[in-house]
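The values are calculated or read from the model by the stated rules, or taken from the named source; none is laboratory data. Quick caveat: nothing in here was measured; it's all calculated off a predicted structure. When we count neighbours, we look across all protein chains shown, and the Cβ atoms used for this are built from the backbone with ideal geometry, even at glycine. Quick note on the areas: whole protein, heavy atoms, side chains included, nothing else; ligands and nucleic acids left out. Shrake-Rupley method; radii C 1.70, N 1.55, O 1.52, S 1.80 Å.
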Amino acid sequence: MADELDTVVRAGPSVLDQLSMRDEDGEIRVDFVAAIARAIEQENAPFLREIVSDLHEADVGDLIEALQSDERVRLVELTGADFHFSALNEVDETVREEILEELEPAAVAEGVRELDSDDAVELLQVLDEDDQDEILGKLPQSERDALERSLDYPENSAGRRMQTEFIVVPRDWNVGQAIDFMRETPDLPDRFYEIYVVDGINRWQGAIALDALLRSHRNIPLADLIDEDRRKVSVLDDQEEVARMFGKYNLVAAPVVDPDNRLVGVITIDDVVDVIEEEADEDLKALGGVTSDEELSDRVWTTARGRFNWLLVNLATAFLASSVLGMFEDQLQQMVALAVLAPIVASQGGNAATQTMTVAVRALATRELGSSNAYRVVMRELLVGLVNGIGFAIITGVAAYAWFRVPGLGVVIGLAMITNLVAGALGGILIPIALDRVRADPAVASGTFVTTVTDVVGFFAFLGIATLWFGLK
């Protein structure tokens, strides 16, 4: 394909019309990336400018991540004004930061000016304050002030996510005046779903949906169309709460107000989709004991350091579980079958607990699990654990007897299996609830504690019951 691309470059027009960037599975073609890398090496700027002009920003982001580190900056530099900086919001934060730090501040500032305010804030927030100040210092005063206000809001707040471009109209206008205003004003947001009504000092009055506006006659007063009960967002609201509100009330946009009820921005559905993806990614990483900011592009040392602390906690809990085995050292020496079967009981309880914990953590995150239904959910999980415990008690009991031919061993492991699956069900639901009550993130800490519970209970139940049943000393 590389030779074919060279032919197309010489021929001129519509490279992407003739050659596909992706294969049939949607993956970027390796030879396509190789051809781009060679064009960067040869500084073939016309070809590269055509590529980035024709590709969607998300595809440019994928292409950037597929390139080597030194090639990424050169791609941006060689494509110049044809490169849209919104593509950098489609890459890992680590990659984005590397590129921005290598580019000249003036080039970054020029790229930032092309972006909507929410995209510009997302781009700049990965940099330290000194780099931010250097870039912001090269922007016009009005644009700089707007971005600085957004960057001053807490991370993960609605103030950071909002777009500061929106349409406001006075209450005493009619429909015709509002429509004429939107037709004649050149600097409107690229996309908008409603217009907002404010008073003389920019305090929120209400919203008017575009469909209601366009279906009304020109002489209808806007006051007749205003939705004064429109749901709005505070700049300090957590972005996860905002996303939950969008899902619950089927919103496509929501106005953002400051503590004095002044309209300062708007959050749209595309922002919320990004939030949902980020929160889901963060929760998934937390369940695996991985820091939320870890990316595939991180260096080895950064990744190892980020994972080390949680592995250390897991090591401590593993020693705790092993200490239970140490308490039954003599019994294990007397009956080897116990050493073989004990990990099965602990493992099965851990798997059951993980199932319960996953459901519980997700329910807590979506507010489906709370004080009003906690008892009912706990009892349900307890009964699920009991039912599965009985089922696996029969299966493992029969298997244990068939394996070792020791009378009573099937009963022992069966009782231990019931005990541990019930304990796993309770741990899997109660530990996340308890962590949530003390304002800790259940997704982060639940896994280690739940696994420890099932290991300790599993080993102790199995070996304890075996000691009593067989009279071991």
At a 1.4 Å probe radius, which order do Asp133, Asp62 fall into by accessible area, largest first?
Asp133, Asp62
Over the Cα atoms of region 370-473, what Rg and Dmax result, in angstrom?
16.1, 51
Roughly speaking, to the nearest percent, how much of region 213-316's 1.4 Å accessible area is carbon and sulfur?
55 percent
Normalised convex hull volume, region 158-225, alpha-carbon set, Å³ per residue
99 Å³
Translational diffusion of region 141-284, µm² s⁻¹ [Kirkwood Rh, Cα pairs; Stokes-Einstein; 4 °C; 1.567 mPa s]
81 µm²/s
Computed over the chain: longest principal axis from alpha-carbon atoms vs helix 141-152 long axis, angle to nearest 10 degrees, is 10 degrees
Using θ = phi - 60° and the Karplus form 6.51 cos²θ - 1.76 cosθ + 1.60, what ³J(HN,Hα) does each residue of region 386-399 get, whole Hz, x for Gly and Pro?
5, 4, 5, x, 5, x, 6, 5, 5, 5, 6, x, 5, 5
Whole Å is fine, so just give me how far the alpha carbon centre of region 399-423 lies from that of region 314-392.
16 Å
Convert each backbone phi in region 221-233 into a coupling constant with the Karplus relation 6.51 cos²θ - 1.76 cosθ + 1.60 (shift: θ = phi - 60°), then list the ³J(HN,Hα) values in order as whole Hz, x for Gly and Pro.
x, 4, 4, 6, 9, 5, 9, 6, 9, 4, 5, 10, 10
How would you order 39-49, 234-244, 347-357 from highest to lowest mean count of nearby Cβ atoms within 10 Å?
347-357, 234-244, 39-49
FRET efficiency (Gln42, Gln177; Cβ distance; R0 45 Å; to 0.05) is 0.20
Helix 269-287 against the longest principal axis of the chain: what's the angle in degrees, Cα atoms only, rounded to the nearest 10?
30 degrees
For a Förster distance of 45 Å, can you work out the FRET efficiency between the beta-carbons of Asp128 and Arg215, rounded to the nearest 0.05?
0.35
Hull-based mean projected area of the chain, where the convex hull spans the alpha carbons, in square nanometres:
31.0 nm²
Rounded to whole angstroms and listed largest first, the alpha-carbon spread of region 224-288 along its three principal axes comes to 52, 24, 16
What does the extension gain come out to for Asp25 and Glu295, with contour length at 0.36 nm per residue minus their alpha carbon separation?
94.9 nm
Non-local amide H neighbours of Val233 (under 5 Å, H modeled in plane, Pro and chain starts lacking H): which ones?
Val256, Val257
Once you have the Cα-Cα distance between Thr317 and Arg437, take 0.36 nm times their residue separation minus that, and quote the gain in nm to one decimal.
40.9 nm
If you look at just the Cα atoms of region 365-415, how large are its Rg and its Dmax in Å?
16.9, 50
Accessible-area order (highest first, 1.4 angstrom probe) of the listed residues Val60, Val300:
Val300, Val60
Give a residue-ordered list of calculated ³J(HN,Hα) values for region 258-263 (Karplus: 6.51 cos²θ - 1.76 cosθ + 1.60, θ = phi - 60°; whole Hz; x for Gly, Pro).
8, x, 9, 6, 8, 6
Going toward the positive end of the dipole of the chain, with +1 on Lys and Arg Cβ and -1 on Asp and Glu Cβ, which of Phe449, Phe32, Leu472 do you reach last?
Leu472
Just the accessible area for Tyr193, please: 1.4 Å probe, Å², rounded to the nearest 10?
90 Å²
Between Asn174 and residues 5 or more places away or on another chain, which pairs have amide H atoms under 5 Å apart, with H built 1.01 Å from N, and which residues are they?
Leu222
Suppose the Debye formula is applied to equal point scatterers at every Cα of region 96-155; what is log10 I(q)/I(0) at q = 0.24 Å⁻¹?
-1.00
Alpha carbon convex hull of region 276-385, volume per residue in cubic angstrom
154 Å³
Folded to 0 to 90 degrees: helix 45-54 orientation relative to the chain principal axis, Cα:
70 degrees
